[in-house]
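Undergrad: Mind looking over this structure? Questions follow.
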Amino acid sequence: MFGVILYGPPASGKDTVTEELKRLDGRYRQFERLKSGSGRSRGYRMTTESAIDDLRSRGEVIWENRRYGALYVVDRPSLVQSLGTGIPVLHLGQVEAVGAVIGAIPDAAWLTVSLWCPRDVAATRLIGRGSTDMHDRLRAWDETEPLPTADLIINTAEISAQQAAQAINAAHLGRAGGNERSNH
């Protein structure tokens, strides 16, 4: 079982790099976290707080966080299923979430990738995609800590999403030979 964690602040390129990974290899698939609340629904499995409470009561919630007026959840059953049928690409923005996911499914081999871009580039991207909550997203950008344990660090302002996906895929393919940290 193998998975990819794309870690980074808003507008660092997680969606775009995921699309390029899927073009490279059809086994890569975005893991759609559960979401309860308003806002964007693309890339999420929309649900209710009650359904999340049920998962939580059974110990099936690996990670949850609230932001932008919504609750976001990584659930164990869906993540395990995703690991068994392809290479899930999980988008995260909190250092603690990365550790929680890796610790929750120790049989999986995770490639952790820190995507980053300068704040002004993120702001330009947010404007370009029509974000209506710029202030909240830039606050989240400011609050996103560096990921010191990343296997790969990529500045998406310096290389294309296609190049980033190629570097991630190469690191995935090279995992059998070692666990080296690389900067791009």
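Undergrad: Give, in nm to one decimal, the length gained when the segment between Leu24 and Arg139 is fully stretched (0.36 nm per residue of separation minus the Cα-Cα distance). List each step's numbers first, then the result.
TA: Working: separation 115, 0.36 × 115 = 41.40 nm, distance 3.29 nm.
Fully extending the segment from Leu24 to Arg139 adds 38.1 nm.
Undergrad: Quickly estimate the mean residue ellipticity at 222 nm for the chain, helices only: each DSSP H run with n ≥ 4 gives -39500 (n - 2.57), and the total goes over all residues, rounded to 500.
TA: Using -39500 (n - 2.57) per qualifying helix, the result is -12000 deg cm²/dmol.
Undergrad: Scale the Cα Rg of the chain by the rule-of-thumb value 2.2 N^0.38 Å and send over the ratio, two decimals.
TA: Relative to the 2.2 N^0.38 Å estimate, the chain comes out at 0.99.
Undergrad: Can you sort Val74, Val17, Val121 from fewest to most other Cβ atoms within 10 Å of each residue's own Cβ?
TA: Going from sparsest to densest Cβ surroundings: Val121, Val74, Val17.
Read-outs throughout are calculated quantities, based only on the coordinates presented, and are distinct from any laboratory measurement. In this text, all values refer to a predicted model and were calculated from it rather than measured experimentally. Cβ: placed from backbone, ideal geometry, glycine included. Neighbour counts: every protein chain shown.
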